[in-house]
Amino acid sequence: MVTVKLKEDIILKNIEFRNVKFSYQTNEKVINNFNLTVNSKEKVALVGKTGSGKSTIVNLVCRFYEPISGKILINGKDIKSYKLKDLRGKIGYVMQDVTILKYTIIDNIRYVNPNITIEEIQDIFKKLNLHDKIMSLKDNYETNIYDYPDILSKGEKQLISFARIMAMNPEIIILDEITSSLSYSSEMLLKNAMEQITKNKICFIIAHRLSTISTCDQILVMGNGKILEQGNHEELLLKKGEYYKLVNKVA
């Protein structure tokens, strides 16, 4: 298959999974006949038990793995027709565990965008409500957060990851269990910041804590590699099915 460049200025109108199947081992279906369309600016949450296929879905979007059958389409074209480097340049992936890079706050942001100005960095942190905290530190944005990691809380370190993504300005955002190990106050800090990082983006959110996904356009309840339920928060609550049980912790 001839690959083509996914141009920086191209607008991602939709991502479509069409009858996608995937397995890590023969005769073991992790994803089975998965169908989903995500349109521009939509947020999709994936919930379900461990092993239900949530992480596999986003890994297929990143092409860490390839489907054994079916297709993933971007703007109606097979995802494999785009150059891998270009595709991944369109994706911002935030995981539960934060990687703090050497040395300063500025260094941690310029790692993904060497040309970003200090004014642009400050503007990002103002949007994330972390600018005042940074300015209260002795060296402000020149603070060494690698050698002195305790300067920031877990939630504030996660905001460093958010700031990197905003500095990249990708078109697809993946948030993978980003609040599962945080305190309630840190979770609320990130919940507010999520509105900034996901604004006008295609977004996939893998969530254990359901309080962070109630405003998503689509919520998929996954089980055995399939979609058990699909809808928004209100629609799924009215069904009083699997999502209702998860929200209300019904046995």
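The values are calculated or read from the model by the stated rules, or taken from the named source; none is laboratory data. Remember, predicted model here, so these are calculated numbers, not experimental data. When we count neighbours, we look across all protein chains shown, and the Cβ atoms used for this are built from the backbone with ideal geometry, even at glycine. All accessible areas refer to the heavy atoms of the entire protein, side chains included, with ligands and DNA or RNA removed. Shrake-Rupley method; radii C 1.70, N 1.55, O 1.52, S 1.80 Å.
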Ordering VAL44, VAL30 by how much accessible area each has at a 1.4 Å probe, largest first, what is the list?
VAL30, VAL44
For region 134-212 and region 49-68, what is the centre-to-centre distance using only Cα atoms, to the nearest Å?
23
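Would you work out if region 85-157 is rounded, prolate or oblate? Take a ≥ b ≥ c from the square roots of the eigenvalues of the alpha-carbon gyration tensor; rounded if a/c is under 1.5, else prolate when a/b is larger than b/c, oblate otherwise.
Details: a/c = 1.72, a/b = 1.40, b/c = 1.23.
Since a/c reaches 1.5 and a/b is larger than b/c, the shape of region 85-157 is classed as prolate.
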The chain accessible area per residue, 1.4 Å probe, protein heavy atoms, integer Å², reads 53
With all protein chains present and a 1.4 Å probe, the order of ILE100, ILE31 from largest accessible area down is ILE100, ILE31
At 1.4 Å probe size, with no ligands or nucleic acids counted, give the accessible surface of ASP132 in Å², nearest ten.
120
Can you give the relative contact order of region 22-122 as a percent, counting alpha carbon pairs under 8 Å and 6+ residues apart?
17
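Taking Cα pairs under 8 Å and at least six residues apart, what relative contact order does region 145-251 come out at, in percent?
Working: 104 pairs, mean separation 20.5, N = 107.
In percent, rounded to a whole number, it is 19.
Defining a contact as two alpha carbons under 8 Å apart and six or more residues distant in sequence, what relative contact order in percent does the chain show?
Values: 444 pairs, mean separation 65.3, N = 251.
Once normalised by length, the contact order is 26 percent.
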Beyond 35 Å, what percent of the Cα pairs of the chain remain?
18
Enumerate the residues in region 111-134 having an amide nitrogen under 17 Å from the point lying 7 Å beyond the Cα of MET188 toward its Cβ.
129-130
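Once you sort the root eigenvalues of the Cα gyration tensor of region 53-196 as a ≥ b ≥ c, which label holds: rounded (a/c under 1.5), prolate (a/b larger than b/c) or oblate (the other case)?
Numbers: a/c = 2.44, a/b = 1.79, b/c = 1.37.
In terms of gyration-tensor shape, prolate.
Using a 1.4 angstrom probe on heavy atoms only, work out the carbon and sulfur share of the accessible area of the chain in %.
On the way: 6230 of 13200 Å².
Percent of accessible area from carbon and sulfur atoms in the chain: 47.
Could you sort 90-96, 159-165, 231-237 so that the peptide with the highest average Cβ count within 10 Å comes first and the rest follow in order? Spell out each step's value before the answer.
On the way: 90-96: 18.7, 159-165: 22.9, 231-237: 15.3.
In decreasing order of mean packing, 90-96, 159-165, 231-237 become 159-165, 90-96, 231-237.
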